[in-house]
Amino acid sequence: RILNGGFNTYTGSSLIPRSWTMVNFAGSDGKDTVTRKEGSASVKVTGAAGRTKTLTQTINLPGGKAGDLFNFSFWVKTSSLPSAGLCQAQVSFYNGTALAGSKLLKCPAGATYNWKQAKLNFAAPALYTKVVIKFTFSKSGGTVWWDLVSLIK
């Protein structure tokens, strides 16, 4: 299971949710206690030209088999997104350090919408020892909020 999938746990005044790694985040990104689906916080990401922002968590799952069934979902809200660029989540399976396969789930279509759930049911593509959840946002403007991430085997 994803640790801190509701983005409610932070260390001190950190804007980075515990158990997650953020890359290329700016001062306006991170913990948002005002706009959230449930719980005490969500993660807010603002678009910036030429900047790809990621939010990642690695989960060790030794003994994983090809064909294991998974349910992956998250809640997402957007405001003023341009059409170009990425807003997506990827579930990648690794056998040791080698990529064994991945599944991609894009944010729902639309420039602005209230909370929507994105979900995907799938079978693991190969033998695996760990799973990496990665959210990517590379739009030149707009804002996205993510909350209530779930990966159930």
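Tabulated data
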read-out: Residue within region 58-77 that is among the basic types (K, R), open to solvent by less than 60 Å² (accessible area, probe 1.4 Å) and either within 22 Å of A26 (Cβ to Cβ) or under 12 Å from the mean Cα position of the chain (by Cα) (or both) present; value: yes
read-out: Subset of region 25-34 (residues that are touching a strand residue (DSSP E or B) at 6+ places or on another chain (Cβ under 8 Å), at pLDDT 95 or above and open to solvent by 30 Å² or more (accessible area, probe 1.4 Å)); value: K31
read-out: Residues satisfying the stated conditions in region 90-101, i.e. closer than 18 Å to L151 by Cα, free of Cβ contacts under 8 Å to residues at least 60 places away in the same chain and open to solvent by less than 50 Å² (accessible area, probe 1.4 Å); value: S92, F93, A100, G101
read-out: Index of the failed condition, L151 passing every other in (1) in contact (Cβ under 8 Å) with a residue 12 or more places away in the chain; (2) open to solvent by 20 Å² or more (accessible area, probe 1.4 Å); value: (2)
read-out: In region 1-23, the residues that are over 14 Å from the mean Cα position of the chain (by Cα), at pLDDT below 95 and open to solvent by 60 Å² or more (accessible area, probe 1.4 Å); value: T11, G12, S13, L15
read-out: Residue list for region 1-23, restricted to those being free of Cβ contacts under 8 Å to residues at least 40 places away in the same chain, in contact with a Leu (Cβ under 7 Å, 6 or more places away or on another chain) and in a loop (DSSP other than H, G, I, E, B); value: S19, W20
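Every residue, every condition in (1) open to solvent by 40 Å² or more (accessible area, probe 1.4 Å); (2) touching a helix residue (DSSP H, G or I) at 6+ places or on another chain (Cβ under 8 Å); (3) among the aromatic types (F, W, Y), yes or no:
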{"residue": "K103", "(1), (2), (3)": "yes, no, no"}
{"residue": "W115", "(1), (2), (3)": "yes, no, yes"}
{"residue": "F122", "(1), (2), (3)": "no, no, yes"}
{"residue": "F135", "(1), (2), (3)": "no, no, yes"}
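The values are calculated or read from the model by the stated rules, or taken from the named source; none is laboratory data. Just so we're clear, the structure is a prediction, and the values are computed from it rather than from any experiment. Here the Cβ is made from the backbone with ideal geometry for all residues, glycine too, and neighbour counts use every protein chain on show. All accessible areas refer to the heavy atoms of the entire protein, side chains included, with ligands and DNA or RNA removed. Shrake-Rupley method; radii C 1.70, N 1.55, O 1.52, S 1.80 Å.
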